[in-house]
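Contents: one structure, followed by commentary.
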Protein chains: 2
Amino acid sequence: MPFGKITILGVGLIGASFGLAVRKEGLCAHIAGFGRNEENLKKAKERGIIDSYGLDPSAASEGADLVMLSTPVGNFLELVRRCAGSFKKGAVVTDAGSVKGGLVREIDALMPSGVHYVGGHPIAGSDRSGIDSANAELFRNAKCIVTPTPDSDAGAIRTVTAMWNALGSQVVTMGPEAHDRVFAAVSHLPHLLAYAMINTVADVDPSYLEFGGQGFRDMTRIAASSPEIWRDICLMNRDNILELILVLQEKLDSLSRYLRAADSVSLEKEMERARTLREGIGQG
Amino acid sequence: MPFGKITILGVGLIGASFGLAVRKEGLCAHIAGFGRNEENLKKAKERGIIDSYGLDPSAASEGADLVMLSTPVGNFLELVRRCAGSFKKGAVVTDAGSVKGGLVREIDALMPSGVHYVGGHPIAGSDRSGIDSANAELFRNAKCIVTPTPDSDAGAIRTVTAMWNALGSQVVTMGPEAHDRVFAAVSHLPHLLAYAMINTVADVDPSYLEFGGQGFRDMTRIAASSPEIWRDICLMNRDNILELILVLQEKLDSLSRYLRAADSVSLEKEMERARTLREGIGQG
């Protein structure tokens, strides 16, 4: 068994699914959980997601070979500050956060000597949240981005990579800044856009919402995602997102121009381009 | 059997599904099809979707008790102009187009004496198109908007309404202009936005697309919709869409402001509002 003890800091959808997956693959003898909500932790223990829990992250992290940060990403730094003193020598710290960039350097800087952090981001979110939606197979066949820096410990990179591989994920390695540019485009902006789309309809007339067909439901599904989680993500990656909003606004300006000019050729060209690109990533 | 002959002008996803549904419910003795592509019509006949077909819409419409317009909406007027002379007295003409508004009056004006048009719009599209995706159950439990005007024939309204009810749809009656305002918001703008979103990513770096998770795939699924169909729809409803793009741009401006100011309270409020609205229309 590769790990004696794993501590999961934040037992929500991702943390609980991670616990179930680790247990299913037999990667760990003891799984400890930390969270703010004791009822939730109790439920997680009853369901066999964790073996023990505590409301003190520092105590929960003691003796862990691997510590997984899976709270909302805005809480990582404070959490690491509270726990760093109790990390055991040789421990590997990782996370499942959707933002990396500067945060990776800040977490790195908090690591005691002999404790190594390597960032991770399993591409396996959902519009659902909480342990009721947890699923041992959440990470199987999903990409997981691992974001080492040139200073990362080679052994810790190997440990984190091997762990995600063992859970069935396809690991892609990427620098923290590159990660944030990619996910601003394919995740953070789309979430903001789903929020904006549904609020636009409601601004005009909320009664229109009941006429949305499957296309509208698909397009706005992620607007049901947790505001607490997504507020943090968007703020922490705001520079990349702000740039992308400008690009999107230019696209909308072009579409408006084509509509006003009844320029069906340019309009169809934009649509054809998008269709080809969308078909390129499969029908799912 | 309510209808002796039904003619379907345009045997794509919607026309073919309509044929299958009408046949399954035993609403019609003979179903004729018209289309531009003889291979497609042959396939439709082989699969029992239609009983006969022709490449001349006027000949195909002769003797029909009900004529269904289900080509791309941009072709409706030309098609009605070509066929109007061969519509039989007492025939009901309807359509499955996604735009109504002025088009309804223009089609109305082309009806010969004793032939009555009432518009319809089954909310049952898909990112797929063509008869290979046709499905006799496409309209079951879906809303179908029927868009009479004050001048519409009461008998024709009843016929069209009863027909969609017989196919399992929930009929909602709405004026043509109201229809176009509603569907600009919940269908036409979302389609444009899906196209814009995916093209935005590609403008920045097309290689990012492979990192899109389920949320990105859901949100951009409708970008795979037929450009020919959606070009027409967007142009024909452009005034409503242009107004909505402005509302959406304002929403994006606000989100940008919140991000720049690190205003987490306002950001979370927008997200919370969208989440509540999205949850109000169900998880599907």
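Just so you know, all these numbers are worked out from the coordinates, no wet-lab data involved. Since we're looking at a predicted model, the values are computed, not measured. With ideal geometry, Cβ positions are generated from the backbone for all residues, glycine too; neighbour counts draw on all protein chains shown.
Here are the numbers:
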{"item": "Given A:K43/A:K89; B:K45/B:K143; A:K24/A:K88; A:K5/A:K143; B:K5/B:K89, the pairs whose alpha carbons are separated by over 20 Å", "result": "A:K43/A:K89; B:K45/B:K143; A:K24/A:K88; A:K5/A:K143"}
{"item": "Label spacing, shortest first and in nm, from B:D203 to its equivalents in the remaining copies (7 angstrom along Cα→Cβ)", "result": "1.9"}
{"item": "For the stretch B:78-154, with +1 on Lys and Arg beta carbons and -1 on Asp and Glu, the positive-most of B:G125, B:S152, B:V99 along the dipole", "result": "B:S152"}
{"item": "Spacing of the two label points (7 Å from each Cα toward its C-beta) at A:R105 and B:R257, in nm", "result": "3.2 nm"}
{"item": "Position A:E39, label points 7 Å along Cα→Cβ, spacing to each other copy in nm (shortest first, one decimal)", "result": "6.1"}
{"item": "Length-normalised contact order of chain A in % [C-alpha pairs under 8 Å, at least 6 apart]", "result": "16 percent"}
{"item": "Radius 13 Å from Cβ of B:I198, net charge of other residues (Lys, Arg +1; Asp, Glu -1)", "result": "-2"}
{"item": "5 angstrom amide H check on B:V93, placed H, neighbours 5+ away", "result": "B:V67, B:H116, B:Y117, B:V118"}
{"item": "MRE, 222 nm, helices only [DSSP H, n ≥ 4, -39500 (n - 2.57), over chain A, to nearest 500]", "result": "-15000 deg cm²/dmol"}
{"item": "B:W164, B:W230 arranged by Cβ crowding within 10 Å, fewest neighbours leading", "result": "B:W164, B:W230"}
{"item": "Tensor-based shape of the stretch B:178-280 (alpha-carbon gyration tensor, a/c under 1.5 rounded, otherwise prolate or oblate)", "result": "oblate"}
{"item": "Extension gain, A:N141 back to A:R47 (0.36 nm per residue minus Cα-Cα distance, nm)", "result": "31.4 nm"}
{"item": "Pseudo-label separations to other copies for A:A262 - Cα-to-Cβ vector, 7 Å, nm", "result": "5.2"}
{"item": "Test item: Cα-centred dipole of the stretch B:26-101, Lys/Arg +1 and Asp/Glu -1 on Cβ, debye", "result": "120 debye"}
{"item": "Assigned charges on the beta-carbon of Lys, Arg, Asp, Glu; chain A dipole about Cα centre (debye)", "result": "600 debye"}
{"item": "Order of B:L192, A:L79, B:L66 - criterion: other Cβ atoms within 10 Å of each residue's Cβ, fewest first", "result": "A:L79, B:L66, B:L192"}
{"item": "Percent of beta bridges antiparallel (DSSP, the protein assembly as shown, rounded to nearest 5)", "result": "15 percent"}
{"item": "Positive dipole terminus of chain A, leading residue within A:L255, A:N165, A:L9 (C-beta point charges)", "result": "A:N165"}
{"item": "Antiparallel bridges, percent of DSSP beta bridges restricted to the stretch A:104-215 (to nearest 5)", "result": "50 percent"}
{"item": "Antiparallel %, DSSP beta bridges [both residues in chain B], to 5", "result": "15 percent"}
{"item": "Cα gyration tensor, chain A - rounded (a/c under 1.5), prolate or oblate", "result": "prolate"}
{"item": "Cut-off 19 Å, label 7 Å out along Cα→Cβ of A:L242, residues of the stretch A:67-103 by amide N", "result": "A:99-103"}
{"item": "Under Karplus coefficients 6.51, -1.76 and 1.60, residue-wise ³J(HN,Hα) of the stretch B:227-239 in Hz, glycine/proline x", "result": "x, 4, 5, 7, 4, 4, 4, 5, 5, 6, 10, 5, 4"}
{"item": "Qualifying trypsin sites (Lys or Arg not before Pro) in the stretch B:1-63, DSSP loop, other Cβ atoms within 10 Å at most 14", "result": "B:R36, B:R47"}
